[in-house]
Amino acid sequence: MQINICIRLFVALLCSLIYSQAADAPKRIALVIGNSRYEPAVGPLRNTVNDAKAMATTLRTLGFFVIEEHNDTRDELLAAIIKFRAKLSGAEVGLFYFAGHGISVEGANYLLPTKSGYSPDAASGGSLRLLAETKLLNAEQVVAEMSSSGVRCNLVILDACRSTPVARNPANRDAARGGLVEMNPPAGSLIAFATDAGHAASDGDGANGLYTEELIAQLRAPGLTIEQVFKRTRARVIERSEGKQVPAEYSRLIGDDIYLAGQTPSAEAIPKGQPIPLPSVADLGKLAAAGDTARCVEAIRRFTRSRGPGKEPVAPLATLLDQVKESLRDPKTSAPRAEAALQSCDLILAAIADCLPTGEVVLSAKAHSRRGDALLLLAKNEDALAAFNAAAGLTPDDAYILYNRGRAFLALERRDEAKADFTRAADSKLKQPGARKLALAALAAMK
């Protein structure tokens, strides 16, 4: 009897734990990859990493947990997909975005890693498809992994239709025209190409490629279903390219419509004479206090769209940053918690840029500094230094930021620069005794 009771209690506890983890799991998961540093035989690209960074930032503002990768080799691509697949369990939307080179080989599409060593001439009369399978990443593999996860809606976006010499087939002396072949998505999936099958797209003349630039603009627009996002993107790309680039989608989405940027109530759904409900300042404060960064930022954006940029979002954003600080206070903070803090900082920084009047330098500096803290805990020391440099550029006399930048220099073994920042942070003229104490301790440890 005692054993049966213990077993039942254990099962109940286990079920409770599983339910709790599922409830806390992110509902939107994305893997965003930008490859640009290709070997000369493949052809380096200029905008693809910029495209990936812009896409990752946009998706974070839409509530996605984003795994972001740049210039990945084949092994790194496979590791990222394994990590992505593990995160998809229990999610509602899964999104894979790749900006880089992609080619079709014998009726299948492949994404090119960096340093792949792939050359069609290396097939030496053998199977070109076998060479591609061992050197490149089969796009169908990504689709299959996402489909098997049970996610309600899977989106695969391939901005990978650029010209490359390795797209040719030496067996029939095809020209290297590039382009992908059509793909048949499984139920619940949509596959999008930057341009139609069999065609190549331009890398773009600005900071971003034409397709990704337009796609990001439509993703941010409220009241659009996923299908409408891609339809409007296609129309804008055709217009801007004067018909030379025509994006394509292959869709088998099912179920209810999904609005990634939120569903704006239509005028017909609101009783006549009654205004569309908008979040109040009090609502923003409640969402911030609850620690729901994604929902709070989305509400701030709706608030700002109705009234224009103003000071009202400053307090809730500051509350969210304080919560990030608390979550990172323990030096043994877990990697998932640090990743979550990093994503929160990206959401907050995007909201500051879009929703506040210019001049909110102190809040921006704090957000960059908190981002640097998270990156240091993730051992991404170069990125952490860049974040602290951004913060110091906004508030150069903040002793805490100087101390934190010193930590990043020290992690990179740049001891002289670390010592300079610690020394400056320890200056009593900056009137931040807490930072001064930390800096003096750091200087003592360096002796």
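Just one residue in the set 142, 151 is closer than 23 Å to residue 215 by Cβ, assigned to a loop (DSSP other than H, G, I, E, B) and at pLDDT 90 or above; that residue is 151. Per the listing 374, 318, 341, the residue uniquely more than 18 Å from residue 262 (Cβ to Cβ), touching a Cys at 6+ places or on another chain (Cβ under 7 Å) and surrounded by 13 or more Cβ atoms within 10 Å (Cβ to Cβ) is 374. Checking each residue in the stretch 311-330 for being touching a residue at least 40 places away in the same chain (Cβ under 8 Å) and not basic (Lys, Arg) picks out 313, 314, 317, 318, 321, 324, 328.
Could you list, in sequence order, the residues of the stretch 393-447 that are among the hydroxyl-bearing types (Ser, Thr, Tyr) and either touching a residue at least 60 places away in the same chain (Cβ under 8 Å) or over 20 Å from residue 383 (Cα atoms) (or both)? Matches in the stretch 393-447: 423, 428. Residue 242 meets all of the listed conditions (1) at pLDDT below 85; (2) not small (Gly, Ala, Ser); (3) not in a loop (DSSP other than H, G, I, E, B) but one, namely (3). Among the candidates 418, 399, the residue that is buried (at least 20 other Cβ atoms within 10 Å of the Cβ), under 34 Å from the mean Cα position of the chain (by Cα) and farther than 22 Å from residue 361 by Cβ is uniquely 418. Being part of a loop (DSSP other than H, G, I, E, B) and within 28 Å of the chain's Cα centre (by Cα) is a property that residue 387 lacks. Taking residue 343, is it in contact (Cβ under 8 Å) with a residue 12 or more places away in the chain, in contact with a strand residue (DSSP E or B) (Cβ under 8 Å, 6 or more places away or on another chain) and closer than 19 Å to residue 364 by Cα? So residue 343 passes the test.
Of the numbered criteria (1) touching a Pro at 6+ places or on another chain (Cβ under 9 Å); (2) buried (at least 24 other Cβ atoms within 10 Å of the Cβ); (3) within 21 Å of residue 141 (Cα to Cα), the one residue 64 fails is (3). Here the stretch 151-168 is the region considered, the condition is being β-branched (Val, Ile, Thr) and over 20 Å from the mean Cα position of the chain (by Cα), and the residue that is farthest from residue 197 (Cα to Cα) is 166.
Within the stretch 102-110, is even one residue assigned by TED's automatic domain parsing to the domain that holds residue 195, hydroxyl-bearing (Ser, Thr, Tyr), at pLDDT below 90 and in contact with a strand residue (DSSP E or B) (Cβ under 8 Å, 6 or more places away or on another chain)? Yes, the stretch 102-110 contains at least one residue that is assigned by TED's automatic domain parsing to the domain that holds residue 195, hydroxyl-bearing (Ser, Thr, Tyr), at pLDDT below 90 and in contact with a strand residue (DSSP E or B) (Cβ under 8 Å, 6 or more places away or on another chain). Restricted to the stretch 277-369, the set of helices (runs of 4 or more DSSP H) holding at least 3 residues that are at pLDDT 85 or above and within 19 Å of residue 28 (Cα to Cα) comprises 293-307, 335-355. Remark: pairs (first residue in the stretch 89-110, assigned to a strand (DSSP E or B); second residue among the hydroxyl-bearing types (Ser, Thr, Tyr) and modelled with pLDDT under 95; Cβ separation under 6 Å; 6+ apart in sequence or on different chains) = 99/48; 103/110.
The values are calculated or read from the model by the stated rules, or taken from the named source; none is laboratory data. These numbers come from a predicted model, not from an experiment. Here Cβ is always computed from backbone atoms with ideal geometry, including for glycine, and neighbour counts include all displayed protein chains.
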